[in-house]
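Only one structure is covered here, and it is reproduced in the block below.
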Amino acid sequence: MARIEWKAEYETGVAVIDEQHRNLVEIINRFEEALQKGKASRQANQILNDLTGYTQEHFATEERLMAEAGYPHLKTHQSQHRQLLQKVERFQFEFNAAGRRITAELHEFLGYWLINHIQRDDRAFGPCLAGTESAGHAEDAAGPAAGAVREPVPTAHD
Ligand SMILES: [Fe+2]
């Protein structure tokens, strides 16, 4: 897979999410560059770590905005995020701990899941979130995670 070029059809219409998606694409493109330059192990590993961290952040933002907007498919979307993250984390583990070489197939997989998820799943919430206040402004989106994080409800002990 070559560089991923951002297309209008990837836009969800939610400014902060689109910004983060562009950043994710950029990280995956840096990963591709590192692979092409033959900086296979160390630099690509670092980029893979960056990607995992940024993906976690990004999913948290999306889930917070979906919760705020009362998006009806939040739970399904959350489980899709969990599955994607588990795959990326497994790759990260294999390449960091098991010392496997990072291959172009990994890059292809990363590009595929990202674009596929954005096009199929993320664009579905665009209309629901676009009208909410914090969704439109990148600087507001870093605010407290109201309702997005499921805190365990403390039970009363007697
Ligand atoms: Fe998503």
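Before moving on, here are some points about what is shown:
- Relative contact order (%) - criterion: Cα under 8 Å, at least six apart; region: segment 10-135: 46 percent
- Remark on Thr12: its backbone amide H falls under 5 Å from those of Asp18, a criterion applied only to residues 5 or more positions apart or on other chains, H modelled at 1.01 Å from N.
- Cα centroid separation - segment 105-124 against segment 15-60, whole Å: 13 Å
- Taking Lys and Arg as +1 and Asp and Glu as -1, the other residues whose beta-carbon sits under 12 Å from that of Trp6 total -3.
- All distinct Cα pairs of segment 1-120 go into the 1/r average, and the inverse of that average, the Kirkwood radius, is 14.9 Å.
- Dipole magnitude of segment 10-135, debye to nearest 20 (Cβ charges: Lys/Arg +1, Asp/Glu -1, about Cα centre): 540 debye
Where a number appears in this text, it was derived from the coordinates with a stated rule and is not lab data. Because the structure is predicted, anything quoted here is derived from the model rather than measured. Positions of Cβ are generated from backbone atoms using ideal geometry, with glycine treated the same way; all protein chains shown enter the neighbour counts.
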